[in-house]
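Colleague: Can you read through this structure? Questions will come right after.
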Amino acid sequence: MLVCMTRDCAKLLRKADIGDKKFNDAIREICAGNAVSLGHKIFKKRIGSRFGGKRGGYRSILYYRVQNVIVFMFIYAKNEQENITEQEKRAFIELAGLYDQMDDAALMKAIAENKLVRWNYVE
């Protein structure tokens, strides 16, 4: 499983109070089918804060190619933003379309060129 994120998402993750364990737990839940589909291989996943639960924690928007690739595109705190806008959703759909055209080699090249940041997922 290749797990990576946009550079902006990586910055947001560093600022967020999530922690590696909670983030890896969220990835396991995504792989188990526990994420809300927004269509076009885009999903929304709740992620709990390091010291709290999912309800008031964080939300992530991600591209998921089943059992192969997860690309986190956006993370936001629930208390800062209720939901993504239709304009944001359209932008994520467009971005997911680009990821969908990339094979694993192209994704690895994007990581090597620092366009995407790889997450060291621990199963």
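The values are calculated or read from the model by the stated rules, or taken from the named source; none is laboratory data. Quantities reported herein were computed from a predicted structural model and do not represent experimental measurements. For neighbour counting, all protein chains shown are included, and Cβ atoms are generated from backbone atoms with ideal geometry for every residue, glycine included.
Colleague: So which strands (runs of 3 or more DSSP E) are wholly in segment 1-88 and hold at least 2 residues that are under 17 Å from ARG118 (Cβ atoms)?
Modeller: On the way: elements: 2-6, 36-39, 42-47, 58-65, 69-77.
Counting at least 2 such residues, we get 2-6, 58-65, 69-77.
Okay, residues lined up against (1) at negative phi; (2) β-branched (Val, Ile, Thr); (3) free of Cβ contacts under 8 Å to residues at least 24 places away in the same chain; (4) surrounded by fewer than 19 Cβ atoms within 10 Å (Cβ to Cβ):
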site	(1), (2), (3), (4)
ARG7	yes, no, no, yes
ARG28	yes, no, no, yes
ALA35	yes, no, no, no
PHE43	yes, no, yes, no
PHE51	yes, no, no, yes
LYS54	yes, no, yes, yes
LYS89	yes, no, no, yes
PHE92	yes, no, no, no
GLY97	yes, no, no, yes
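Colleague: Does segment 106-117 include one or more residues that are more than 16 Å from CYS4 (Cβ to Cβ), within 14 Å of the chain's Cα centre (by Cα) and of a type in the set (Val, Ile, Thr)? Talk me through it step by step, then tell me what you get.
Modeller: We begin by selecting, within segment 106-117, every residue more than 16 Å from CYS4 (Cβ to Cβ); these are none.
No, there is no match, as no residue in segment 106-117 is more than 16 Å from CYS4 (Cβ to Cβ), within 14 Å of the chain's Cα centre (by Cα) and of a type in the set (Val, Ile, Thr).
Colleague: So is ILE84 more than 16 Å from LEU2 (Cα to Cα), of a type in the set (A, V, I, L, M) and either at pLDDT 95 or above or within 12 Å of the chain's Cα centre (by Cα) (or both) or not?
Modeller: Values: more than 16 Å from LEU2 (Cα to Cα): yes; of a type in the set (A, V, I, L, M): yes; either at pLDDT 95 or above or within 12 Å of the chain's Cα centre (by Cα) (or both): no.
Judged against the criteria, ILE84 is not a match.
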